[in-house]
Amino acid sequence: MFLFADMDLVRRHLKTPYAWLELGAIALTACAAILAAFCLNTSRTSPRRVFLPVPPLTLWLIVCAYDCLRHVTLVGAEAWDLGDSPHCVLFILAISIPLGISVMATYRLRPGRSSALAGLGVATFAICLLQFFHPFDSNLTDLIAHITAAAIVVGAMTYSAQLMPTIRS
């Protein structure tokens, strides 16, 4: 990954005050969602595990939204420029599809909450990975594109889990 990533751009991006918090929150969301999906897939776990990724996801959304609003006040109408948003969606989907298939095959996910959480974990991992190739530039359209791509992945994984044979305990 480091051979292809623009590490100078990443270093400059990580000098901003919210970048570390944003990157850490999205990485924590990915880990928490995958862990929650795994836990919910077993029969002897508390259904409250579904809320495991909520705190880091909320933190990520708050930090991104604040940074986007700050960017809008600094830049003005240019903050609504589409920029690389379509490329972001394609990158997130291109990473999420093979990763989602491997997670579904490994965990043999049950349809419902566990497959939706796995989708959230896979999508947020792809968003985290995207930071090394195209650091999030506080653009509101980028944030909307990231959320849209994540919703597509969650929906696709939830739907696909209904189609795949599962092992029920």
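The values are calculated or read from the model by the stated rules, or taken from the named source; none is laboratory data. These figures come from a predicted structure and were not determined experimentally. Here the Cβ is made from the backbone with ideal geometry for all residues, glycine too, and neighbour counts use every protein chain on show.
The table below gives the values:
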quantity	calculated
Sole exception among (1) in contact (Cβ under 8 Å) with a residue 60 or more places away in the chain; (2) over 22 Å from I144 (Cα atoms) for V89, by number	(2)
Selection count where residues are in contact with a Gly (Cβ under 9 Å, 6 or more places away or on another chain), free of Cβ contacts under 8 Å to residues at least 60 places away in the same chain and either under 25 Å from T106 (Cβ atoms) or crowded, with 21+ Cβ neighbours inside 10 Å (or both), scope the stretch 36-59	1
Subset of the stretch 62-120 (residues that are surrounded by fewer than 19 Cβ atoms within 10 Å (Cβ to Cβ), modelled with pLDDT of 85 or more and of a type in the set (G, A, S))	A65, A94, S102
Filtered residues of the stretch 100-136 (kept if on the phi > 0 side of the Ramachandran plot and among the aromatic types (F, W, Y))	none
